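Trainee: Sharing a structure below in structure tokens format, with a few things to ask.
Only the coordinates and a few stated rules stand behind these numbers; no lab work does. A quick note: this is a predicted structure, and the numbers were derived from the prediction, not measured. Please note: Cβ atoms are built from the backbone with ideal geometry, for glycine as well, and neighbour counts cover all protein chains shown.
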Amino acid sequence: MAATSRGTSPVPPDVRPRLTVLSGPSGVGKSTVVAHMRTVHPEVWLSVSATTRKPRPGERNGVHYFFVDDEEFDKLIANGELLEWAEFAGNRYGTPRRAVLDRLEAGEPVLLEIDLQGARLVRQSMPEAQLVFLAPPGWDELVRRLTGRGTEAPDVIERRLAAAKVELAAESEFDTTLVNTSVEDVARELLTLMLQASGLRGSDD
């Protein structure tokens, strides 16, 4: 049954909200699904990553990312303040642990959108987290999304497709799989999973 927007009630003391992690292959539409959910349900808290990357035009600190320098990022790692972190294209990205724990302790469902490597690290540091795998309707559709407008060099496309095969093979490591045939439907299903995992909605709702 499709999920509907509903106000949340206080979480019983014996119910501990779970972190929900959304992951899947590159090009499957993770960011699009999350953006739609946040538009329809702005009350959903999406973890904001810390990064050493410089802000792009229009990006705001604390909204899109927490922008830090290399020294600050090193301190976050050394102090165990990141749930997970990784390096991409010379920049580092990580999930601040304290912000996630604070929201969970307040009884709020928390969503984290990260890649496969990050999801595996979260599983190690927070085994109770709910891992959701976003899968494409089929391989041909994923190829179409990854190749896009055909503006990338053939070797770049080949690497992306090879990485996608590795990521798809990791589906069994996740608790639940959602197939992205419709952004709206997947966003509703994801919200339902988050609320159920946090004790805010029963499976019959």
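Trainee: I'd like the Karplus ³J(HN,Hα) series for the range 161-174: coefficients 6.51, -1.76, 1.60, θ = phi - 60°, whole numbers in Hz, and an x wherever there's a Gly or Pro.
Mentor: Calculated HN-Hα couplings, in order: 5, 5, 5, 5, 5, 5, 5, 5, 5, 8, 3, 5, 7, 9 Hz.
Trainee: In sequence order, what are the phi-derived ³J(HN,Hα) couplings for the range 78-89 according to the Karplus relation 6.51 cos²θ - 1.76 cosθ + 1.60 with θ = phi - 60°, rounded to whole Hz, with x for glycine and proline?
Mentor: My calculation for the range 78-89 gives 4, 8, x, 8, 10, 5, 7, 7, 7, 10, 9, 6 Hz in order.
Trainee: Just want the answer: with Cβ charges of +1 for Lys and Arg and -1 for Asp and Glu, which residue in Val100, Leu76, Phe88 is farthest toward the dipole's positive end in the range 46-108?
Mentor: Value: Phe88.
Trainee: Sequence-distant or interchain residues sharing an amide H contact under 5 Å with Arg18, placed H: which?
Mentor: Answer set, sorted by chain and number: Ser198.
Trainee: Given the options Glu108, Glu189, Glu158, state which has the largest fluctuation in a GNM of the chain using a 10 Å cut-off (strictly under) for Cα springs.
Mentor: Comparing Glu108, Glu189, Glu158 in the GNM, the peak value goes to Glu158.
Trainee: To make sure I understand the rule: partners must be lysines, Cα under 30 Å from the Cα of Lys54, and not fewer than 8 residues away in the same chain. Which ones qualify?
Mentor: The qualifying lysines are Lys30, Lys75.
Trainee: [x] 23.8, 77; [y] 20.6, 67; [z] 17.4, 55: which one is Rg and Dmax of the Cα atoms in Å as calculated from this entry?
Mentor: This structure yields the entry labelled [z].
Trainee: Could you compute Rg(Cα) / (2.2 N^0.38 Å) for the range 46-108, with N its residue count?
Mentor: 1.12
Trainee: Please arrange Arg145, Arg18 by counting, for each residue, the other beta carbons lying within 10 Å of its beta carbon, fewest first.
Mentor: Ascending number of Cβ neighbours within 10 Å: Arg145, Arg18.
Trainee: If I build a Gaussian network model for the chain, linking alpha-carbon pairs within less than 10 angstrom, which residue out of Pro154, Pro42, Pro136 has the largest mean-square fluctuation?
Mentor: Pro154
Trainee: With springs connecting C-alpha atoms under 10 Å apart, model the chain as a Gaussian network and identify which of Ser172, Ser26, Ser47 has the largest mean-square fluctuation.
Mentor: Ranking Ser172, Ser26, Ser47 by mean-square fluctuation puts Ser172 first.
Trainee: Given H placed 1.01 Å from N in the peptide plane, which residues other than close sequence neighbours of Ala135 have an amide H under 5 Å from its amide H?
Mentor: Leu178, Val179, Asn180
Trainee: Which one of Asn61, Phe133, Val110 is farthest out on the positive end of the charge dipole of the range 43-133, using unit charges on Cβ (Lys, Arg +1; Asp, Glu -1) and the Cα centre as origin?
Mentor: With unit charges placed on the Cβ atoms, the residue in question is Phe133.
Trainee: Something else about it: Let me know the charge dipole size of the chain about its Cα centre in debye, to the nearest 20, where only the beta-carbon of Lys, Arg (+1) and Asp, Glu (-1) is charged.
Mentor: 340
Trainee: If you don't mind, another one. Applying the Karplus parametrisation 6.51 cos²θ - 1.76 cosθ + 1.60 with θ = phi - 60° to the phi angles of the range 29-41, what ³J(HN,Hα) value in whole Hz is obtained for each residue in order, glycine and proline being reported as x?
Mentor: x, 4, 5, 5, 5, 5, 4, 5, 4, 5, 6, 7, 10
Trainee: Divide by every residue of the chain the summed helix terms, -39500 (n - 2.57) for each DSSP H run of at least 4, and state the resulting mean residue ellipticity at 222 nm, rounded to the nearest 500 deg cm²/dmol.
Mentor: The per-residue figure over the chain is -11500 deg cm²/dmol.
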